[in-house]
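Note sheet for the following structure.
The values are calculated or read from the model by the stated rules, or taken from the named source; none is laboratory data. Model, not experiment: these values are computed from the prediction. Counting neighbours? That spans all protein chains shown, and the Cβs are built from the backbone with ideal geometry, glycine included.
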Amino acid sequence: MIDINLIRVEKIGYVRQPQLKLTELSFTLQAGECLALLGTNGTGKTTTLNLLAGLIQPDRGSIWIKGLNIKTHKQAAKRQIGFLPDRLPLYHDLTVQEYLKFISQLRQIPKPDIKEAIEYAIEEVELKDYRHHLIGILSKGLKQRVGIAQAIIHRPPILLLDEPTQGLDGNQIDRFQRLLTEYKKEAAIILSTHYVNEIENICNKIIQFSTAGNLFYDFNHCTT
């Protein structure tokens with residue numbers, strides 16, 4: 001039987017010290033769906049995204065990325081993912097275009113396609129006027145847009161975005177919402193945020209994290 005889910009999470013658990021615990025988390029996500037992880041700092045949103053991105057391994061349970069078990073097929077699974085972490089390493093002595101070229105090479109985009117990939121990413125996040133600017137002199141909001149650009153540059157079928165609207169002003173958030181609305185037509189998206197109003201027009205599924213120090217998730221808040 002073919003699994004139509006781009007993401008399948010089955011009863012994953014993760015425990016690091018008594019105050020950091022995630023248990024029995026399960027959900028699925030298909031193309032066209034966007035899942036919001038809501039909660040304040042320390043409630044488990046970043047931990048969940050890092051587990052899905054393959055940066056850390058769950059103590060139990062399974063994560064499937066486009067049919068691939070991320071534990072046994074880690075590199076192949078990670079190629080299906082675009083990830084914006086909470087602390088993205090940016091090289092301040094590179095221009096936006098130089099940085100995106102570097103990311104293209106890391107993503108193993110074929111050399112003849114790199115220019116097109118860079119143009120696509122720059123166009124989508126409206127960085128045309130800043131392509132030759134050094135990243136180090138950009139504002140926080142512009143750096144965040146560079147981070148979004150690197151996540152989508154290889155047009156992955158899965159996007160994981162940790163607090164993607166931080167540093168963006170109202171107009172930029174509106175543009176970001178339009179970008180994700182269009183992108184999710186053929187992809188699955190998971191994003192974390194503190195504010196439901198920033199994602200209510202994008203996401204059709206919600207998991208509410210609460211109880212800081214215990215990483216408790218409330219499925220009663222899930223919607224479809």
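Of note:
- Of the strands (runs of 3 or more DSSP E) contained entirely in region 106-224, those carrying at least 1 residues that are at pLDDT 95 or above fall at 158-162, 188-193.
- In the condition set (1) polar (S, T, N, Q); (2) under 21 Å from Ala31 (Cβ atoms); (3) outside the structural domain of Thr46 (by TED's automatic domain parsing), Asn201 is compliant with all but (3).
- Failed item in (1) touching a Gly at 6+ places or on another chain (Cβ under 7 Å); (2) free of Cβ contacts under 8 Å to residues at least 60 places away in the same chain; (3) not assigned by TED's automatic domain parsing to the domain that holds Gly39, with Asp169 passing the rest: (3)
- Any hit, region 30-37, residues being in contact with a strand residue (DSSP E or B) (Cβ under 8 Å, 6 or more places away or on another chain), at pLDDT below 95, farther than 25 Å from Glu182 by Cα and not acidic (Asp, Glu): no
- Counting the residues of region 55-65 that are surrounded by 15 or more Cβ atoms within 10 Å (Cβ to Cβ) and either out of contact with any helix residue (DSSP H, G or I) (no Cβ under 7 Å at 6 or more places or on another chain) or in a strand (DSSP E or B) (or both) gives 5.
- All told, Ile109 meets the bar of being β-branched (Val, Ile, Thr) and either surrounded by fewer than 15 Cβ atoms within 10 Å (Cβ to Cβ) or closer than 29 Å to Lys66 by Cα (or both).
- Evaluating His92 against the criteria (1) assigned to a helix (DSSP H, G or I); (2) touching a Gly at 6+ places or on another chain (Cβ under 8 Å); (3) not small (Gly, Ala, Ser) leaves one unmet condition, (1).
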